[in-house]
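Single-structure report; data block below.
The values are calculated or read from the model by the stated rules, or taken from the named source; none is laboratory data. This is a predicted model, so every value here is computed, not measured. Here Cβ is always computed from backbone atoms with ideal geometry, including for glycine, and neighbour counts include all displayed protein chains. The accessibility values were calculated without ligands, DNA or RNA, using every heavy atom of the protein model including side chains. Shrake-Rupley method; radii C 1.70, N 1.55, O 1.52, S 1.80 Å.
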Amino acid sequence: MPPPPDLAALSLADVARLVEEQRLPPVERWNPAHCGHSDMRIARDGQWYHQGSPIGREAMVRLFSRLLRREADGGFVLVTPVEKLTIDVEDAPFVAVEMKAEGEGDAARLAFRLNTGDLVTAGPDHPLRLAATPEGPRPYLHVRGGLEAVLARPVYYELAERAIERGGGVWSDGAFFALDPA
């Protein structure tokens, strides 16, 4: 598995091309019998654990992240064509660790690099939202199939600064996102 791309070195046109080239397995079409628990957990900070120990190999985390699926009941599973295992997720399974912005107004585009190396451009298919929590607003980006990324604090501050400069929200890929906690 190749290393994740350097978002700072890419134009958003490059990001769009790379996103288009991502080939994810069709986990939404795989429906094997549930086999139990994976003994895996994704912590609130995005760290993956197996049997209580951190998974240190980034390539393994990227591989497992591509097998992750959100179930109709809200739970999370790792799924292959032959088995389905539950995985515990403390908050969101991904963390947006970097943001790149280009353009202004409704022509603006915001791309995010996740802790797994994946790239996601916010827009109609990948909305941004703020959730009200007891600790304060928590920002999320829809990644795929009900899976979200929480924005790392520095990324959230960068997004919030952009929103404040533009009247309380941001545009990306033709969609406007008001950044008010819901």
- Only one of (1) open to solvent by 40 Å² or more (accessible area, probe 1.4 Å); (2) closer than 14 Å to A149 by Cβ does not apply to E102, and that is (2)
- Answer yes or no as to whether R109 is closer than 16 Å to F176 by Cα, of a type outside the set (A, V, I, L, M) and either open to solvent by 30 Å² or more (accessible area, probe 1.4 Å) or touching a residue at least 40 places away in the same chain (Cβ under 8 Å) (or both). yes
- Having 3 or more residues that are over 23 Å from T133 (Cβ atoms) is the bar; report the strands (runs of 3 or more DSSP E) wholly within region 31-115 that clear it. 34-42, 76-79, 84-89, 94-102, 109-114
- Message: Just to be sure before I move on: is A96 of a type outside the set (D, E), buried (at least 20 other Cβ atoms within 10 Å of the Cβ), within 19 Å of W48 (Cα to Cα) and under 14 Å from the mean Cα position of the chain (by Cα) in the structure I sent?
- Response: yes
- May I ask you to say which residue of E83, E98 is among the charged types (D, E, K, R) and modelled with pLDDT under 95? E83
- Filter region 48-58 for residues that are small (G, A, S) and either open to solvent by less than 40 Å² (accessible area, probe 1.4 Å) or at pLDDT 95 or above (or both) and give the result. G52, S53
- Message: Just to verify a result, which residue in region 27-47, among those that are of a type in the set (D, E) and modelled with pLDDT of 90 or more, is least open to solvent (accessible area, probe 1.4 Å)?
- Response: D39
- Message: Among the numbered criteria (1) within 16 Å of the chain's Cα centre (by Cα); (2) open to solvent by less than 20 Å² (accessible area, probe 1.4 Å), which one does V79 miss?
- Response: (1)
- Note on the structure: Residues of region 112-133 being small (G, A, S) and either buried (at least 17 other Cβ atoms within 10 Å of the Cβ) or in contact with a His (Cβ under 7 Å, 6 or more places away or on another chain) (or both), in sequence order, are G117, A122, G123
- Message: Which residue is farthest from the chain's Cα centre (by Cα), if the candidates are limited to region 145-161 and must be open to solvent by 50 Å² or more (accessible area, probe 1.4 Å) and closer than 30 Å to A72 by Cα?
- Response: R153
- Task: Return the only residue of I164, I87 being surrounded by fewer than 19 Cβ atoms within 10 Å (Cβ to Cβ) and among the aliphatic types (A, V, I, L, M).
- Result: I164
